[in-house]
Every structure is written in structure tokens, then in C-alpha cells.
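Okay, structure first, notes after.
The values are calculated or read from the model by the stated rules, or taken from the named source; none is laboratory data. Keep in mind that what you see is a predicted model, and the values were worked out from it rather than measured. Neighbour counts run over all protein chains shown; Cβ positions are idealised from the backbone, glycine included. The accessibility values were calculated without ligands, DNA or RNA, using every heavy atom of the protein model including side chains. Shrake-Rupley method; radii C 1.70, N 1.55, O 1.52, S 1.80 Å.
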Amino acid sequence: MGKDEQKEEREVLDSIFPDEIQDISDTEYRISISLDVSDPSEEEEERPPPVIILNVRYPDAYPDEPPALDITQPPNAAKHQHLDIQEDKARLLDSLQPMIEESMGMAMVFTLVSTLKDAAELLIAERQQAVQAVKDVEKQMAEDEENRKFEGEKVTRDSFLAWHEKFKLEMAEEKARKVTEQEAEEKKKRGKTEEKKLTGKQLWVQGLAGNVIEEDEEGEDAITGMRDLKVEG
């Protein structure tokens, strides 16, 4: 009974996976499973999808007894960033156990292939999301740091009062400076005006009155001399 069911299942699998299934013996074969994954963070958009291989060997009592399973990868396959068969094999095989238990007594390989594909794709997606989450946190931290450059100090009652006192002091100093400058300017203007309009007393005090008198006397002597020359002539 077991051999007939094994042969029948094998024929069905041939029709479902014509290019993916490969016989090793009458009771053993392997199925290549191409995983549908995409990573927006990867620059190489056309990178070939990762492939894992489910190795199946029928025991004599299958399907009343579970098949012997192993998971490998194609020879010389490039290592995927988020999947390592050597490290992840145990986890992936464990993900098949509930389905094996539910399917005892029935052909189960197709269901196991689908379950394994989903488990591997989920594992990759979880790791992609974890990497993206770290990148998002780092990006947010960088943005927050950049935004802090444009943020002012948070205003509290004490900081406002301190600022207000400093502001009043600066305004008082500015006002005093302007008053001092204005007084100096006015004093400078008054000095020039006083120099232009000196009284006789100021001239005398400054010793200028004598010069003016001498100049006046010299002027009068010159006029008198001219008159004397005219009379003699």
C-alpha cells in the first residue's frame, strides 16, 4: 500500500514541478524551491532569487511514517544576505513539524514544499525588516540631531527672567552710550561756535587783543603817511 501511494505522489509531483524535481533513487528525490523575495534597500534589483533544496526520502511505511527530510542549497550558490542554510536549517525543518503531524497517513510532500517556501521567505522578510528598522532608527537619529541645530533653547520662567534682565541691562547701556555720544557731539559743535564768536574780553584774555590794536595802529599810520606825502607834493 505504501509503495503505491509513494509512486502516485511522485507522478503528481512530476506534473507540478517538472523542472524542479530530480530523482536520486526510486525512493529519494530533491525539489528546488525558488524563493520570492525582494529587498528595496539592495542596489542590485535583478539579482537572481535564492534557491533552497528540499531533499525527500521515503521510508517503507510512508505516508503512515514521516519522510526523511533535509534542506540544502545548490552547489556554488551565492550566499544570500539574509539566509544561511547551514545556520537556518534547524529552524526551517522545525517549521515543517506541525504540518507533518497534521498530514500523517496522507501524501504530504507538496504541502511541505509550500510550507518550507513560506517559512524561508518569512525568515528573510523578518531579517530585512530588522535591518531596515535599524536604518530607520539611525536615519531618525540623524534627522533629530540635524533639527536640534535649528532649535533654540527651551524657554522656562527662570531662563526668561534671566534673559529679560540681560536685555534691560543691554538697552540701558545702549541708551547711555547714545547719550554720551550726543553730548560729546553737542560739546564739539559749541566749541566751534565759541571760537568763531569771541568777545573782546575773551580776545584780551587769550592775548589776541594786542595784535588787533597793533594791526589797527599800523593801518592808521599808513593812512597818515599817505596823507603827508600828498601835502608835500
Those residues of the stretch 104-122 that are in contact with a Leu (Cβ under 8 Å, 6 or more places away or on another chain) and either buried (at least 18 other Cβ atoms within 10 Å of the Cβ) or of a type outside the set (D, E, K, R) (or both) come to a total of 8
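To keep it simple, each residue is scored yes or no on (1) open to solvent by less than 100 Å² (accessible area, probe 1.4 Å); (2) among the β-branched types (V, I, T); (3) not in a loop (DSSP other than H, G, I, E, B).
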position: K154; (1), (2), (3): no, no, no
position: S159; (1), (2), (3): yes, no, yes
position: H164; (1), (2), (3): yes, no, yes
position: K175; (1), (2), (3): no, no, yes
position: V179; (1), (2), (3): yes, yes, yes
position: E185; (1), (2), (3): yes, no, yes
position: K189; (1), (2), (3): no, no, yes
Out of all the residues in the stretch 126-149, is one or more without any contact (Cβ under 8 Å) to a residue 24 or more places away in the chain and in contact with a strand residue (DSSP E or B) (Cβ under 8 Å, 6 or more places away or on another chain)? no
Checked against (1) over 30 Å from S15 (Cβ atoms); (2) part of a helix (DSSP H, G or I); (3) not aliphatic (A, V, I, L, M), E101 satisfies every condition except (1)
Among R47, R10, the single one that is open to solvent by 30 Å² or more (accessible area, probe 1.4 Å), at pLDDT below 95, of a type in the set (K, R) and more than 45 Å from the chain's Cα centre (by Cα) is R10
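Condition check ((1) more than 30 Å from I71 (Cβ to Cβ); (2) of a type in the set (A, V, I, L, M)) across all residues:
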residue: L116; (1), (2): no, yes
residue: Q128; (1), (2): no, no
residue: K154; (1), (2): yes, no
residue: R157; (1), (2): yes, no
residue: F160; (1), (2): yes, no
residue: W163; (1), (2): yes, no
residue: L169; (1), (2): yes, yes
residue: E185; (1), (2): yes, no
